[in-house]
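What follows is a short report on a single structure.
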Amino acid sequence: MPQPVFIASDHRGFSLKNKLKLEHPDFIDLGPSELNPNDDYNDSANAVAKKVLETPGSKGILICGSAIGVSIQANRHKGVRAAVVSDLDSAIKTREHNDANILCLSSDKISDSKDPLESEKALEDVSAVVNAFLETDFSNEPRHVRRIKKLDEEL
């Protein structure tokens, strides 16, 4: 049985979240359920981070305008490795090398496009990134394991 994937967004990522859910109806949507221009990315990031930590082997996807805010918030949770990713190679490497458990996506490059064809291509690119992130396993190489352990050490 595949491990769950939790997804959430803020208002700027709401449309992209819903488009991704059409491709992946098994994603568990943690909100928002309706567009609220006054919501805060922090709430969505915390919801996904908590569920990923509570559910061993699960992954999360967070979407906001830049992907940076949700990444910063999610990474405040010990054990979360949230990565801002915008290309296929980075999606693969962040899983193989960093065992990232939350993918952070920017909705800006899709929603800011004036050209429908350009927007469709951007959505295809995002879908490929999501699929690569979900399908790539951690390498378990000793150097990567060692480095990941250091991420949760007290400074």
- [ ] Output the residue which, of all residues in region 1-28 that are touching a residue at least 12 places away in the same chain (Cβ under 8 Å) and part of a loop (DSSP other than H, G, I, E, B), is nearest to Lys51 (Cα to Cα).
- [x] Pro4
Open item on the list: Go through region 77-102 and report how many residues are of a type in the set (Lys, Arg) and without any contact (Cβ under 8 Å) to a residue 24 or more places away in the chain.
Closed with: 1
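Could you say which residue among Ile63, Ile72, Ile92, Ile110 is farther than 23 Å from Gln3 by Cα, among the aliphatic types (A, V, I, L, M) and at pLDDT 95 or above? Full working, then the answer.
Numbers: Ile63 fails: farther than 23 Å from Gln3 by Cα; Ile92 fails: farther than 23 Å from Gln3 by Cα; Ile110 fails: at pLDDT 95 or above.
Just one listed residue meets the conditions, Ile72.
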Open item on the list: The conditions are (1) under 19 Å from Gly13 (Cα atoms); (2) assigned to a helix (DSSP H, G or I), and Leu35 fails exactly one of them. Which is it?
Closed with: (2)
Open item on the list: Contact list please: Cβ distance under 7 Å, first residue in region 30-51 and within 14 Å of Ile68 (Cα to Cα), second residue modelled with pLDDT of 95 or more and hydroxyl-bearing (Ser, Thr, Tyr), pairs at least six apart or on different chains.
Closed with: Ser44/Ser9
Task: Restricting region 46-80 to residues that are over 26 Å from Lys121 (Cβ atoms) and in contact with a Ser or Thr (Cβ under 8 Å, 6 or more places away or on another chain), the residue that is surrounded by the most Cβ atoms within 10 Å (Cβ to Cβ) - done: Val52
- [ ] For residues that are free of Cβ contacts under 8 Å to residues at least 24 places away in the same chain, within 16 Å of Ala83 (Cα to Cα) and either in contact with a Lys or Arg (Cβ under 7 Å, 6 or more places away or on another chain) or loosely packed, with under 12 Cβ neighbours inside 10 Å (or both), tally how many sit in region 120-155.
- [x] 1
Task: Residue that is surrounded by the most Cβ atoms within 10 Å (Cβ to Cβ), among those in region 17-45 that are more than 13 Å from the chain's Cα centre (by Cα) and among the small types (Gly, Ala, Ser) - done: Gly31
Open item on the list: For region 1-40, give me each residue that is among the β-branched types (Val, Ile, Thr) and modelled with pLDDT under 95.
Closed with: none
Open item on the list: Testing Thr55 on (1) under 20 Å from Ile148 (Cβ atoms); (2) of a type in the set (S, T, N, Q); (3) under 15 Å from the mean Cα position of the chain (by Cα), one condition comes back false. Which one is that?
Closed with: (3)
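The values are calculated or read from the model by the stated rules, or taken from the named source; none is laboratory data. In this text the structure is predicted, and so the values were computed from the model without any measurement. As a convention, Cβ positions derive from the backbone with ideal geometry for all residues, glycine included, and neighbour counts pool all protein chains shown.
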